[in-house]
1. Hey, among the residues in region 98-117 that are on the phi < 0 side of the Ramachandran plot and assigned to a loop (DSSP other than H, G, I, E, B), which one's nearest to the ligand (Cβ to nearest atom)?
2. Scan region 77-93 and give yes if some residue there is touching a residue at least 60 places away in the same chain (Cβ under 8 Å) and either of a type in the set (Val, Ile, Thr) or crowded, with 20+ Cβ neighbours inside 10 Å (or both), otherwise no.
3. Need the failing condition index for residue 118 against (1) without any contact (Cβ under 8 Å) to a residue 12 or more places away in the chain; (2) buried (at least 17 other Cβ atoms within 10 Å of the Cβ), just the number.
4. I'd like the residue in region 1-53 that is more than 25 Å from residue 156 (Cα to Cα) and among the acidic types (Asp, Glu) and, out of all such residues, is surrounded by the most Cβ atoms within 10 Å (Cβ to Cβ).
5. Which condition from (1) in contact with a helix residue (DSSP H, G or I) (Cβ under 6 Å, 6 or more places away or on another chain); (2) modelled with pLDDT under 95 is the one that residue 160 breaks?
6. For region 67-87, state whether one or more residues are within 16 Å of the ligand (Cβ to nearest atom), of a type in the set (D, E, K, R) and closer than 23 Å to residue 107 by Cβ.
7. How many residues does region 106-133 contain that are over 13 Å from the mean Cα position of the chain (by Cα) and over 22 Å from residue 62 (Cβ atoms)?
8. Report the residue count in region 159-177 for those that are touching a residue at least 60 places away in the same chain (Cβ under 8 Å) and buried (at least 17 other Cβ atoms within 10 Å of the Cβ).
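The values are calculated or read from the model by the stated rules, or taken from the named source; none is laboratory data. Everything numeric here is computed off the predicted structure, so don't read it as measured data. Cβ: placed from backbone, ideal geometry, glycine included. Neighbour counts: every protein chain shown.
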Amino acid sequence: MIYGERVRLRHVERDDLSQFVEWLNDPEVTMGLSMHIPLSMDEEESWYEQVLKSPNEERPLCVEVKLGEDWQLIGNSGFFTIDWRSRNGEIGIFIGDKAYWDQGYGTEVVKLILQHGFSTLNLHRIFLRVFADNQRAIRVYEKVGFVHEGRQRQAEYHDGEFHDVIFMGMLRPEWDR
Ligand SMILES: CC(C)(COP(=O)(O)OP(=O)(O)OC[C@H]1O[C@@H](n2cnc3c(N)ncnc32)[C@H](O)[C@@H]1OP(=O)(O)O)[C@@H](O)C(=O)NCCC(=O)NCCS
């Protein structure tokens, strides 16, 4: 378990999958994720089987918030892939429960993932990709200190338009500062 001030990150259980399917069929959530085809429970279960076969450092984590004495699932975050030779890792996040947006949870989760990546996994560089129209997400990454590294022009298509994909990254010395 990885604890922050208001959130904790735990491993994904099979029982979480139906909640993920509900969120990953919400167009407002998936707009930032490029998952535009409706997702079935069977597909999610196949994804979970693959997750269980992947290295444990690269498994997504459940995001939970503390409500009184209980913890409530609100989303998912973690490393997609890690290149151990270059010590580079790519992260992703979604807060599926929209009632929790704009309250600082996304920022806290990204900071926790960075702390985990640099201080536990000993990574040197952590990066992500974000669509240029996802202003909320870009704001989170800028607040945390990610640097804009580059831009793939018109690499994503949704809502009838092409959108640029922005690469953002952070190096270990930048995090330490
Ligand atoms: C992106 C996401 C993780 C952000 O989580 P969150 O908990 O809402 O983020 P926070 O509350 O920590 O921060 C949001 C910031 O964006 C700002 N914001 C919200 N809407 C905005 C907009 N349209 N333009 C600019 N900034 C915006 C908020 O004001 C806040 O900044 P502030 O703290 O300076 O006021 C969450 O909204 C999400 O999961 N979205 C769907 C999936 C997704 O897009 N994932 C990211 C893929 S790269």
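1. Of region 98-117, the ones on the phi < 0 side of the Ramachandran plot are 98-101, 103, 105-117.
Then keep just the ones that are assigned to a loop (DSSP other than H, G, I, E, B); that gives 101, 103.
On the way: 101: 4, 103: 5 Å.
Ranking the qualifying residues of region 98-117, first place goes to 101.
2. Looking for residues that are touching a residue at least 60 places away in the same chain (Cβ under 8 Å) and either of a type in the set (Val, Ile, Thr) or crowded, with 20+ Cβ neighbours inside 10 Å (or both), one finds at least one in region 77-93, hence yes.
3. Answer for residue 118: the failing condition is (1).
4. Across region 1-53, the extreme among qualifying residues is 16.
5. (1)
6. no
7. Qualifying residue count for the region: 6.
8. The number of residues fulfilling the criteria is 1.
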